[in-house]
1. Could you calculate the contour length gain from B:R95 to B:N79, that is, 0.36 nm times the residue separation minus the distance between their Cα atoms, to one decimal place in nm?
2. Collect residues whose amide H, placed 1.01 Å from N in the peptide plane, falls under 5 Å from the amide H of B:F47; neighbours closer than 5 in sequence don't count.
3. Using amide H atoms built 1.01 Å from N in the peptide plane, name the residues 5+ places from B:R95, or on other chains, whose amide H lies under 5 Å from its own.
4. Can you give the average number of partner chain beta-carbon atoms within 10 Å of each beta-carbon in peptide B:24-36, as a whole number?
5. Under the Karplus relation 6.51 cos²θ - 1.76 cosθ + 1.60, θ = phi - 60°, what is the ordered set of whole-Hz ³J(HN,Hα) values for region B:72-77, x standing for Gly and Pro?
6. Once fully extended, how much extra length lies between B:S39 and B:A72, figured as 0.36 nm per residue of separation less the alpha-carbon to alpha-carbon distance?
7. Quick one: accessible surface of A:R38, probe radius 1.4 Å, all protein chains present, in square angstrom to the nearest 10.
8. Taking every DSSP beta bridge that has both residues in chain B, what percent is antiparallel when rounded to the nearest 5?
Amino acid sequence: GQQVMQIPQYQHVQEGEDFTTYCNSSTTLSNIQWYKQRPGGHPVFLIQLVKSGEVKKQKRLTFQFGEAKKNSSLHITATQTTDVGTYFCAGKGSGGGADGLTFGKGTHLIIQP
Amino acid sequence: DTAVSQTPKYLVTQMGNDKSIKCEQNLGHDTMYWYKQDSKKFLKIMFSYNNKELIINETVPNRFSPKSPDKAHLNLHINSLELGDSAVYFCASSRDGTGGGYTFGSGTRLTVV
């Protein structure tokens, strides 16, 4: 079945440093989504990427979808303490139909003030 | 105003018991899901329902059964609870099964003792 791998598992940064998490799928994806889960909270949808090579920005967050639609990245510029949490990528296969998302294992972002 | 609501938020029960978790969404979404998040934060899809039809049933024990009385509700019933069932269970919904972000409920933390 489809597998979505995400690295790193944990990332410690000093406040103000940049952060990047990477996602790779074993199969071509129709789209990829990114979610953020704060400690003790639930996953919250951030963005969806659909097109090959697509780049989207949300303030300090930059999301990219690879040309082959098998990988993606999330980059945060100048991290703040409010960025703490676990970031998940989630992929949907390109086979069509009402399939659920396959989530990566997440990257836990820890920020040291 | 809660978009996806789950009850109860916490559930502590003994091995062998039967329990249910309720989920309701007021977003008018077409598809609802149940995800299990283990202690390592890994999110794994269990079920999805679209128009009262079960779309996915991953390798989940048949002790787990989703029940959807209508489009806005997807309850999860668990028979003969085991220690390994302890986890956080998230309900989610999406507009259709082919794309768009998921809206998650706040989760139900199940502890089996």
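The values are calculated or read from the model by the stated rules, or taken from the named source; none is laboratory data. Please read all numbers here as calculations on a predicted model, not as lab measurements. As a convention, Cβ positions derive from the backbone with ideal geometry for all residues, glycine included, and neighbour counts pool all protein chains shown. Heavy atoms of the whole protein, side chains included, go into the accessibility calculation; ligands, DNA and RNA do not. Shrake-Rupley method; radii C 1.70, N 1.55, O 1.52, S 1.80 Å.
1. Numbers: separation 16, 0.36 × 16 = 5.76 nm, distance 2.99 nm.
Extending this stretch completely gives an extra 2.8 nm.
2. It is B:W34, by chain and number.
3. Here the answer is B:D30, since their amide H atoms fall under 5 Å of that of B:R95.
4. Numbers: counts 0, 0, 0, 0, 0, 0, 1, 2, 0, 2, 1, 5, 0.
Averaged over the peptide's residues, the number is 1.
5. 8, 10, 9, 8, 10, 10
6. Values: separation 33, 0.36 × 33 = 11.88 nm, distance 2.88 nm.
Extending this stretch completely gives an extra 9.0 nm.
7. 130 Å²
8. Antiparallel bridges: around 90 percent, rounded to the nearest 5.
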